[in-house]
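First comes the structure, then the notes that go with it.
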Amino acid sequence: MALLLRTLRERTHDRMAMTLKIERVSDGQSTTIRLIGRMRAEHLDELKAQIKDDELEVTLDMEEVMLVDVEVVRFLETCQAEGIRLVHCSPYINAWINRERSRES
């Protein structure tokens, strides 16, 4: 089992504050990317790279995601459309994804 840990930080009032932590675990058949913290548009390039680098089935574990912005919601909707599973996603994020999907229809 491989584990990759990456923490993305932002500068807040001259100190560094964690915004998103990415843990990647693979068992050789599938990969789970566990997201922890606040997820914003500025994190999407890193997350896209993590997904793209993997040739296995990818699942995004959203259990500890506390806050997202609209760009993230649109990205998550695209992930679902491409077959990437979202697990442990909070009800408010799921509802927002569904609203965005309805707007696109």
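The values are calculated or read from the model by the stated rules, or taken from the named source; none is laboratory data. Model, not experiment: these values are computed from the prediction. Here the Cβ is made from the backbone with ideal geometry for all residues, glycine too, and neighbour counts use every protein chain on show.
For segment 48-105, the set of residues classified as within 16 Å of SER30 (Cα to Cα) and assigned to a loop (DSSP other than H, G, I, E, B) consists of ASP53, ASP54, GLU55, LEU56, GLU82, GLY83, ILE84, listed by residue number.
Residue pairs whose Cβ atoms lie under 7 Å apart, sitting 6 or more positions apart in sequence or on different chains, and linking a residue in segment 31-55 that is over 16 Å from CYS89 (Cα atoms) to a partner that is basic (Lys, Arg) and surrounded by fewer than 17 Cβ atoms within 10 Å (Cβ to Cβ), are GLU46/ARG6. Residues of segment 62-100 that are closer than 14 Å to ARG40 by Cβ, in contact with a strand residue (DSSP E or B) (Cβ under 7 Å, 6 or more places away or on another chain) and either exposed (fewer than 15 other Cβ atoms within 10 Å of the Cβ) or in contact (Cβ under 8 Å) with a residue 40 or more places away in the chain (or both): MET66, LEU67. When segment 1-40 is filtered for residues that are outside any strand (DSSP E or B) and either at pLDDT 95 or above or among the basic types (Lys, Arg) (or both), only ARG40 remains.
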